[in-house]
Amino acid sequence: MNIFTCIALSFVVAVYLIETIANLLNLKNISNVIPQEFEGFFDKEKYDKAQSYLKDNTKFAIFSSAFTLALQIAFILAGGLNYTNSIAASLGFGTVLTGLAFAGILYLICEIADLPFLAYSTFVIEEKFGFNKMNIKTFASDFLKSLIINGIILGATFSALVWLFSNTAHYAWLYAFAAITAFEIFVTFIYPIAVMPLFNKYTPLEDGELKKFVEEYAKKENFKMKGLFKMDNSKRSAKSNAFFTGFGRPRRIVLFDTLIQKHTAEELTSAAAHETGHFKLGHIIKQMLFSFASMGIMLILSLFINEDWLYKAFLMNAQPVYAGVIFFAFLYAHISFALSTISSCLSRKYEYAADASAATTYKHPQDMINALKKLSVDNFSNLRPHKLKVFLEYSHPPVLDRINAIKNILER
């Protein structure tokens, strides 16, 4: 093992250690005392069950991450990348197709290695706490669909990058940035229409009080959308949520059927107002721009993709450009920790802003607070996450912080 390998693996190990410290602090932060704000929503038995759910998931995350890390390091040190490259090269294809074979083998190894953990999470942990509604057939179908769809998307993107870095020399990063940006915008439009329906059924919300309330609110706020949809999440999970998706005419607000079953029309309209707030305040565009900026930084740094040290770090004998693309992406995924924390910080800021927008435009702040409480109870949310865990990973602020922020709006 050379110095370059040691440096590369040290980044990977450092990220794991930081995440593990955050998880351990999160475990230490667990309390069996129900917060006063949730008295009447959480009973003692259910709250204790929620804390057990948090413990089981956190311990499982620590173990599964450690196993994955050990597998990655062992694969690299055992010369697995060289062996994979020899298999791909033996097929006699050109650079792009050989690279696609190389990446495809690694992709399958990663997905198969992750499958037992995904199954355990679904059929042991989620089942134990009453969230799982999937059977083996649905689980297998979802896994295969994801494998194929992600394989096609990643394969197309990877092939384009390999071609660009093989044929456009020093300007490859700029062309790659333009190509990936265009592709991501295209996927943003097409994903809600073509991909999401492959996994869940989306049906227009039937006429009734809820539809009337949401449509009246949307009209008052001059918010145009294709419609309000219900998603059959109950065939996979008992958890609840709502989200906004799409741009232009295809944009829509989606409510889980599990959410509709447990909330009043006013509470659900508050949730819809929150999602509308994200769009009105330009959060989706801002998040996309930040994503593009992060990608631009990554691609500028990819000027080092042909450097000898990058291949030495992964114990490669040859220096095919397609391997360099994967090695760089692997390292960047771990050393871009700072960018991910900035992204999470921005996301939390946007959630506060969307809450404020919903509270001031729909003018049912108590219904919004009740909706947040019910969601937290139904999903066994962690009510007291450690600050480091929030800083590193939370895209949404802790629910007690959100409730206090809404109450502060009422007191102004």
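Cβ contacts < 7 Å: first residue over 21 Å from TRP163 (Cα atoms), restricted to the range 175-203; second residue of a type in the set (Val, Ile, Thr), any location; separation 6+ or different chain. Result?
What qualifies is PRO192/THR245; VAL195/ILE149; TYR202/VAL254.
Need a quick list: helices (runs of 4 or more DSSP H) entirely within the range 272-369 having at least 2 residues that are of a type in the set (A, V, I, L, M) and touching a Ser or Thr at 6+ places or on another chain (Cβ under 7 Å).
Helices (runs of 4 or more DSSP H) meeting the threshold: 337-361.
This table checks each residue for (1) farther than 30 Å from ILE3 by Cβ; (2) touching a strand residue (DSSP E or B) at 6+ places or on another chain (Cβ under 7 Å); (3) aliphatic (A, V, I, L, M).
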{"position": "LEU315", "(1), (2), (3)": "no, no, yes"}
{"position": "ILE326", "(1), (2), (3)": "no, no, yes"}
{"position": "ALA333", "(1), (2), (3)": "no, no, yes"}
{"position": "ARG348", "(1), (2), (3)": "yes, no, no"}
{"position": "ASP355", "(1), (2), (3)": "yes, no, no"}
{"position": "VAL390", "(1), (2), (3)": "yes, no, yes"}
{"position": "GLU393", "(1), (2), (3)": "yes, no, no"}
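Considering (1) over 30 Å from PHE93 (Cα atoms); (2) of a type outside the set (A, V, I, L, M, F, W, C); (3) modelled with pLDDT under 80, say which one HIS170 fails and leave the rest.
(1)
If LYS239 satisfies every condition in (1) in a helix (DSSP H, G or I); (2) charged (D, E, K, R); (3) out of contact with any strand residue (DSSP E or B) (no Cβ under 7 Å at 6 or more places or on another chain) but one, which is the exception?
Exception for LYS239: condition (1).
Output the residues belonging to the range 201-229 that are of a type in the set (Lys, Arg) and surrounded by 19 or more Cβ atoms within 10 Å (Cβ to Cβ).
None - no residue of the range 201-229 is of a type in the set (Lys, Arg) and surrounded by 19 or more Cβ atoms within 10 Å (Cβ to Cβ), so the list stays empty.
For the range 367-389, which positions are within 24 Å of LEU410 (Cα to Cα) and crowded, with 20+ Cβ neighbours inside 10 Å?
Correct list: ASP367, MET368, ILE369, ALA371, LEU372, LYS373, LEU375, SER376, VAL377, LEU383.
The values are calculated or read from the model by the stated rules, or taken from the named source; none is laboratory data. Given the structure is predicted, the values throughout are model-derived calculations rather than measurements. Every residue, glycine as well, gets a Cβ built from its backbone with ideal geometry; the counts of neighbours run over all protein chains shown.
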